[in-house]
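One structure below.
Derivation of every value follows stated rules applied to the coordinates shown; laboratory data play no part. From a predicted model like this one, the values you see are computed outputs, not experimental measurements. Methodologically, a virtual Cβ is constructed for each residue, glycine included, from the backbone with ideal geometry; neighbour enumeration extends over all protein chains shown.
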Amino acid sequence: MTQALGWARRPMLERIHLLPRELPITLIYGAESWIDTSTGRRVRELRPDSYVRHLAIAGASHHVYADQPAAFNVAVQEICDSVD
């Protein structure tokens, strides 16, 4: 699934065009994560007619669910409540 240094072997960015335009996407990041958030901005550029949201959780690094579980759960619940 990932290469030795943690890079994706098949980055979703290369396949994002295969997802239905109607599919809403929310990307959750930890505000202190080492992950490059420019990918999220690129997703928005590649899907101009789609719902794409970036969400940064304060006080969280890469493992948002572990670093800020309450904030992560609220974010996921809001996402679930916003779709049919």
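In table form, for the structure just shown:
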item: Helices (runs of 4 or more DSSP H) lying entirely in the chain (those with 3 or more residues that are exposed (fewer than 15 other Cβ atoms within 10 Å of the Cβ), within 15 Å of the chain's Cα centre (by Cα) and free of Cβ contacts under 8 Å to residues at least 24 places away in the same chain); result: 38-46, 69-82
item: Residue that is within 22 Å of Asp84 (Cβ to Cβ) and not basic (Lys, Arg), where the choices are Ile28, Ile57; result: Ile28
item: Total residues in region 23-70, condition of a type in the set (A, V, I, L, M), out of contact with any helix residue (DSSP H, G or I) (no Cβ under 8 Å at 6 or more places or on another chain) and more than 17 Å from Leu13 (Cα to Cα); result: 4
